[in-house]
Every structure is written in C-alpha cells, then in structure tokens.
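The structure appears below as structure tokens.
The values are calculated or read from the model by the stated rules, or taken from the named source; none is laboratory data. Note that the coordinates shown come from a computational prediction; the quantities given were computed from them, not determined experimentally. Counting neighbours? That spans all protein chains shown, and the Cβs are built from the backbone with ideal geometry, glycine included. Remember, those area values only see protein heavy atoms, side chains included, never the ligands or the DNA or RNA. Shrake-Rupley method; radii C 1.70, N 1.55, O 1.52, S 1.80 Å.
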Amino acid sequence: MTEQTGWGSCRRLVGKVAVVAGASTGIGRATALRLASEGAQVIAGSPAGEKAQIDSLIGEIIAQGGTAQGASFDATDDASLAALVDLAVGTYGGIDVFHANFADLRVIFEDSDAATVTDDVLDRTLEVNLKGMVRATRHAIPKLLERGGGAMIYTSSSASIVGEPVRPCYAIAKAGVNALVRHVASRWGREGVRANAVMPGLVVTPEKRETMPSDLQQQVLASGRSTRLGEVEDIAAMVAMLASRDGEWINGQSIAVDGGSTVS
C-alpha cells in the first residue's frame, strides 16, 4: 500500500502478522483496516454468521492494496481458537499481534443487577467475554514466543473500572480481562510479550450514529471532557500504536480511550 491508495503514510507494521478476532463490525473492523494500512498481513476473524461482513472487509483491504484473509471462529470453542491461530501461522508464517476484540453483547440487555441476573446470563457473559479471552491467550502466546515476542491486545471497557447500577456480569468479565493482561505481562514480559487492554468509553459506531437520537448524543457529549464523541478509529489508532515499536515499553496496562470520561 502507498499514499496513493488514500490511506496514511504511517507504515509501522510492515512485515508483521496480525490476527483481529472479532473484526466484522465496529472497533474490530476499523482495527483490521488500520493494521493493514500500516503494512500488517491480517487474519480477520468473526463468528460464522458474520461471513458476509468479513468478506466485505477483506475486499476493502485488498482493494486498498493490503493483504488479508477472513476466518470464522467460536470464542466458546477452544479448538476453534486454536484453528484461528494455526491459520495465521500456516498462511503468513507466524503471529506478531493478536487483538482479542470479541464479546457477546446480545445478553447485555438482560444483565440487570446482582440480585436478579440469571445464571444463564452470567454463564454466557463469562464464557465468551472472559473465558474466550483466556482461550485466545492460550493459543496465541506460544506463537508470539516463536517470533521472539509480540503484542497481545485485548478490548476491555471502562465498565471494568467504574461503578454502574446495571450490567454487573459484563463489568466482572471486563475486570477479569484487565487481570489477565497483568498476568500475561508478568509471566511473559521478559520473553518479549507485551499485553495491554484498551478500555473504550462510549464509541459511536457508524451504525450507532444513525440510530442514536441526536439529543442523547448531545447529552453524552455534554457530560464528558471532550469536544466530540468517540469513533471506532480512535480505538484502532491505539491498537495500532500498541502493536508497533512505538508501544514497546508499554506492558501490563489497561488504557482508557474515552475522551476523558474516566480520569485517574
């Protein structure tokens, strides 16, 4: 890819292989596009039911001169995540970056409070949003080590560090992801593995911008510390930095990218 494609000239990931697990829409799609634009060879994965979106993404990357291949995986199936990793190794020779970006958001509307939430909602949320992250780590780490190290980058959430009256299961899972980050950095940091999480605030995806009432958008904007709402490209930019040499001295961190909604 070159500047003539319409993408930027930042080429920090030339020669790198990146897996984006959860790439069909929103943050994952923007991240796959960003990593490819910086020169990475990308495996873009999603559940089998989202194949059309992945095919569209791969077509866009290739049209811009990038290199990418689509794949399907199931975060609840250990063998499926192993196969996703093996595909990257078999196709491009290894893995340098693994972005674990998946979550089951369908049950979040049933994630009421700790007194009334059902075991089904708790189990499903933890099965995908937390245990799936451990499964991805299990299979990605050995391949990163084979390359002398690399970047494990997880999508967490600001819900992991703030108190909310609803969605406790989601917050518990994301707080667990932050703990996983600290563990991976502590266990394999001296072997060249960097583990970090990005904690997005409210990100207005292109789909959400069309359906989110304008008065609600203004209400969110008025309650924050930024002049605009968050966009998927904001998160993709942070992932790309953490994946590159610019992020080599960042390890074990859960980084809020939320326009200052949370401060510490």
Set 80, 56: member being polar (S, T, N, Q) and either closer than 18 Å to residue 205 by Cα or within 17 Å of the chain's Cα centre (by Cα) (or both): 56
In the stretch 235-254, is there at least one residue being polar (S, T, N, Q), in a strand (DSSP E or B) and either more than 20 Å from residue 23 (Cβ to Cβ) or over 20 Å from the mean Cα position of the chain (by Cα) (or both)? yes
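Taking the stretch 165-175 as the search range and keeping residues that are open to solvent by less than 10 Å² (accessible area, probe 1.4 Å) and under 18 Å from the mean Cα position of the chain (by Cα), which one is farthest from residue 249 (Cα to Cα)? Give the derivation first.
Taking the stretch 165-175 as the starting set, the residues that turn out to be open to solvent by less than 10 Å² (accessible area, probe 1.4 Å) are 169, 173-174.
In the following step, the residues that additionally are under 18 Å from the mean Cα position of the chain (by Cα) were identified as 173-174.
On the way: 173: 26, 174: 23 Å.
Of everything passing the filter in the stretch 165-175, 173 is farthest from residue 249 (Cα to Cα).
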Quick test of your reading of the structure: residue 65 fulfils all but one of (1) in a loop (DSSP other than H, G, I, E, B); (2) without any contact (Cβ under 8 Å) to a residue 60 or more places away in the chain; (3) over 18 Å from the mean Cα position of the chain (by Cα). Name the failing condition by number. (2)
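Looking only at the stretch 51-62, decide whether some residue is farther than 18 Å from residue 231 by Cβ, out of contact with any Leu (no Cβ under 6 Å at 6 or more places or on another chain), touching a residue at least 24 places away in the same chain (Cβ under 8 Å) and open to solvent by less than 60 Å² (accessible area, probe 1.4 Å).
At the first step, the residues of the stretch 51-62 found to be farther than 18 Å from residue 231 by Cβ are 51-56, 58-59, 61-62.
Those still in the list that are out of contact with any Leu (no Cβ under 6 Å at 6 or more places or on another chain) too: 51-56, 58-59, 61-62.
Now restrict to residues that are touching a residue at least 24 places away in the same chain (Cβ under 8 Å): 53-54, 61.
Next, from what is left, pick out any that are open to solvent by less than 60 Å² (accessible area, probe 1.4 Å): 54, 61.
Yes; the residues of the stretch 51-62 include at least one that is farther than 18 Å from residue 231 by Cβ, out of contact with any Leu (no Cβ under 6 Å at 6 or more places or on another chain), touching a residue at least 24 places away in the same chain (Cβ under 8 Å) and open to solvent by less than 60 Å² (accessible area, probe 1.4 Å).
Would a scan of the stretch 105-117 turn up a residue that is within 15 Å of the chain's Cα centre (by Cα), farther than 15 Å from residue 17 by Cβ and at pLDDT below 95?
First pass over the stretch 105-117, keeping only residues within 15 Å of the chain's Cα centre (by Cα): 105.
If we keep only those that are farther than 15 Å from residue 17 by Cβ as well, we get 105.
Next cut, at pLDDT below 95 only: 105.
Checked against the condition, which is being within 15 Å of the chain's Cα centre (by Cα), farther than 15 Å from residue 17 by Cβ and at pLDDT below 95, the stretch 105-117 yields at least one hit.
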Any hit, the stretch 13-22, residues being surrounded by fewer than 22 Cβ atoms within 10 Å (Cβ to Cβ) and either in contact (Cβ under 8 Å) with a residue 24 or more places away in the chain or in a helix (DSSP H, G or I) (or both): yes
Does residue 136 fit the bill of being surrounded by fewer than 18 Cβ atoms within 10 Å (Cβ to Cβ) and modelled with pLDDT of 95 or more? no
Residue hits (the stretch 227-263; loosely packed, with under 13 Cβ neighbours inside 10 Å, touching a residue at least 12 places away in the same chain (Cβ under 8 Å) and not hydrophobic (A, V, I, L, M, F, W, C)) are 228, 245, 246, 248, 260
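Inside the stretch 76-126, can you point out the residues that are part of a helix (DSSP H, G or I), of a type in the set (Val, Ile, Thr) and surrounded by 22 or more Cβ atoms within 10 Å (Cβ to Cβ)? Steps first, answer last, please.
Taking the stretch 76-126 first, the residues part of a helix (DSSP H, G or I) are 78-92, 108-110, 119-126.
Then keep just the ones that are of a type in the set (Val, Ile, Thr); that gives 85, 89, 91, 108, 121, 125.
Listed by number, the residues that qualify are 85, 125.
Table: residues versus (1) touching a Ser or Thr at 6+ places or on another chain (Cβ under 9 Å); (2) in a helix (DSSP H, G or I); (3) open to solvent by 20 Å² or more (accessible area, probe 1.4 Å).
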residue	(1), (2), (3)
151	yes, no, no
163	no, no, yes
177	yes, yes, no
190	no, yes, yes
196	yes, no, no
209	no, yes, yes
